Every structure is written in structure tokens, then in C-alpha cells.
Amino acid sequence: MVGILSIDFDYFIEASFKEREIYFPKGSDEIPKDKLKAMWKERYFRYPKLKEVGVIDEYYFLKKYLKLMSINKNHFCKSYSHKSIKKVIDKIPKGLQIKIVNIDFHHDYYHYYNGDDSINCSNWLRRVIEERPDTEVKWIRREDSQIYSLEGRFPFEHTTDIKEVINEKFNFVFICRSPEWSPPHLSDKFEELAMSIFESKIA
């Protein structure tokens, strides 16, 4: 079993589902960076309290956990979009079963996509399951995360207890920024979390 720890920074934002719906831009990872920057600027202007949003306590737990990990440096990936995890997974031979532990505000098992690219930040997990149906999944979510897709409830194991990562074994670590879901003023927090892996026993 090949273990993959998937981390989306949007999980750590100290904002509820309802607050995200009100204050965050509407869009996806397909928004051009310049346009997204302008969208966030408008959000800050319209909702000044957005600048006060921080990260939840689980951020500091995971940062400490990552520092204690032992991982091959070639098995660590930092990315802009969550869909990039598919490239990491595709390098693992199909004959090997994988287990994905996904720390994320969203379950990423949705259907929708635009244009010619059928993979995006919202459906990458569905694409993985389509190609590797024996994949095991554990989703570490927030209390008010949406747990439904078109078929109904998210069909895999899920929990709100991030400390369950302690019971898992990981061969790969992936972390993404998801800037469409994460306020720009928290960019330093993302970099800080990503860099913590390099303070670990990286091989």
C-alpha cells in the first residue's frame, strides 16, 4: 500500500462554509492569476474584516507533525492547484494500491469541469477513483464541509479529527495553495507550512 498525504491549505482557513460563500470570490483554479488577484482585491475592499481571518489550531498541529516526518525529498510536491496531485499519482505504478488521506475543506469528488481539461481542483479524486477503483480514501474535513455530491453522501471514510494522520503511514506528501479559496494575506502561512517538511528527516 502506497500512502499519500494530500493537504489543501483551504482546510486551515478560519472561516465557516457560510462565511466563505459570502466573502470569498466565486470561481475555480481555472481563473487567470491576474483576474483572481483583482477579485480578491475587490473582496478585501468590500469586506475589510477579511484581513483579520487567520488559521485554525489544526494548522499548528500539522506543522509540528510534518516536522517529525521522514520522507524522500522526491516524494514531496508543492503546487498552486490541487489537480496537480494527479500527476504525482500517475507516476505510481497501477499495480500498486494506494491510500489517499486528504486534508481538505472540500471532498474533491465532484463531477463538473469546463473546457477540454476533465481534471480540476474539484474533481481530481473522482478521476483517480475512475482509474484506480481499489484506492482507499480518508477525507479529513471541517465540521461544516459539504459532504454531498451528485450521487449523495461522500462514499468514503471521512472524519473531522486531523490527529488521525498519526495512525497512517505516508510515502508521498502533496500540498497545494488553492488561491481561489485562500485569502492572499495568508500566503506566508502556506509557505511556512510547506517549508516545515524540509525541517523533517527528509531523505
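Is it the case, given these coordinates, that Tyr80 is among the aromatic types (Phe, Trp, Tyr), surrounded by 11 or more Cβ atoms within 10 Å (Cβ to Cβ), in contact with a helix residue (DSSP H, G or I) (Cβ under 7 Å, 6 or more places away or on another chain) and touching a residue at least 40 places away in the same chain (Cβ under 8 Å)?
No.
Restricting to the stretch 85-136, name every residue that is within 12 Å of the chain's Cα centre (by Cα), of a type in the set (S, T, N, Q) and modelled with pLDDT of 95 or more.
Hit for the stretch 85-136 is Asn102, nothing else.
In the stretch 165-178, which residues are touching a residue at least 40 places away in the same chain (Cβ under 8 Å) and surrounded by fewer than 16 Cβ atoms within 10 Å (Cβ to Cβ)?
Matches in the stretch 165-178: Ile166, Glu168, Lys169.
Mind counting the residues in the stretch 59-74 that are under 19 Å from Phe9 (Cβ atoms) and either in a helix (DSSP H, G or I) or free of Cβ contacts under 8 Å to residues at least 12 places away in the same chain (or both)?
Of the residues in the stretch 59-74, 9 are under 19 Å from Phe9 (Cβ atoms) and either in a helix (DSSP H, G or I) or free of Cβ contacts under 8 Å to residues at least 12 places away in the same chain (or both).
With the checklist (1) surrounded by fewer than 14 Cβ atoms within 10 Å (Cβ to Cβ); (2) touching a Ser or Thr at 6+ places or on another chain (Cβ under 9 Å); (3) within 22 Å of Pro179 (Cα to Cα); (4) modelled with pLDDT of 95 or more in hand, flag the one item Arg141 doesn't pass.
So Arg141 meets the others, but not (1).
Does any residue of the stretch 105-117 turn out to be in contact (Cβ under 8 Å) with a residue 60 or more places away in the chain, closer than 29 Å to Lys18 by Cβ, surrounded by fewer than 19 Cβ atoms within 10 Å (Cβ to Cβ) and aromatic (Phe, Trp, Tyr)?
Scanning the stretch 105-117 turns up no residue that is in contact (Cβ under 8 Å) with a residue 60 or more places away in the chain, closer than 29 Å to Lys18 by Cβ, surrounded by fewer than 19 Cβ atoms within 10 Å (Cβ to Cβ) and aromatic (Phe, Trp, Tyr).
Can you work out which of the residues in the stretch 20-54 that are aromatic (Phe, Trp, Tyr), assigned to a helix (DSSP H, G or I) and under 22 Å from the mean Cα position of the chain (by Cα) is farthest from Phe190 (Cα to Cα)?
This residue is Tyr23.
The values are calculated or read from the model by the stated rules, or taken from the named source; none is laboratory data. Given the structure is predicted, the values throughout are model-derived calculations rather than measurements. Cβ sites come from the backbone with ideal geometry, for glycine too, and all protein chains shown count toward neighbours.
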